[in-house]
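Accompanying notes for the structure given below.
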Amino acid sequence: MIPGIATKITAMEAEGVANGFLLDHLPDRFLAIEPRFDPRARVWRLPVVISYPSIGQIGEVGEVSGSVSTEDVVSHTPLDEMMSRARVLYDQNREAIQAAFSQARNS
């Protein structure tokens, strides 16, 4: 809860709502993290990152904003924009990603 602000949705709940939204609309490598309360907008803001097993996060691709009073996403970076940014990050990290998958396959 935020002192002095009537919220029904906790940071953890906001993270769950944002990640549910991402799972419904994008591939599984997209992850909403680190909810921050924006008192002016009265929303939870969560950066969206692209992440790979054995490597972790490779960069931020957008943002999801969630309501503080309902389990609703109130805004987000356009999905096609997040996909485009993710492609650029994948291309920049292709060798490390492929090496991690090869290593996991050979284990």
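The values are calculated or read from the model by the stated rules, or taken from the named source; none is laboratory data. These numbers come from a predicted model, not from an experiment. Cβ atoms come from the backbone with ideal geometry, glycine included; neighbour counts cover every protein chain shown. Side chains included, ligands, DNA and RNA excluded: accessible areas come from the protein's heavy atoms. Shrake-Rupley method; radii C 1.70, N 1.55, O 1.52, S 1.80 Å.
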Pairing the Cα long axis of helix 11-25 with the longest principal axis of the chain, what angle in degrees results, from 0 to 90 and rounded to the nearest 10?
50 degrees
For Rg/Rh (Cα atoms, Kirkwood Rh), with candidates (1) 0.97; (2) 1.07; (3) 0.94, the value calculated from the shown model is option (2)
HN-Hα couplings for the range 40-45 via Karplus (6.51, -1.76, 1.60; θ = phi - 60°), in whole Hz with x for Gly/Pro, come out as 5, 8, 6, 9, 8, 10
For G62, enumerate residues with amide H under 5 Å from its amide H, sequence gap 5+ or separate chain, H modeled in the peptide plane.
V48
Under 11 Å from the 7 Å Cα→Cβ point of Q92, by amide nitrogen: which residues of the range 29-69?
58-61
Contact order normalised by length for the chain, with contacts defined as Cα pairs under 8 Å and 6 or more residues apart; what percent is it?
22 percent
Between L79 and R105, how high is the FRET efficiency from 1/(1 + (r/R0)^6) when r is the Cβ-Cβ distance and R₀ = 41 Å? Nearest 0.05.
0.85
Show V64, V88 ordered by accessible area, largest first, where the area counts protein heavy atoms only and the probe is 1.4 Å.
V88, V64
In degrees, nearest ten, helix 79-106 long axis to first principal axis of the chain (Cα)
50 degrees
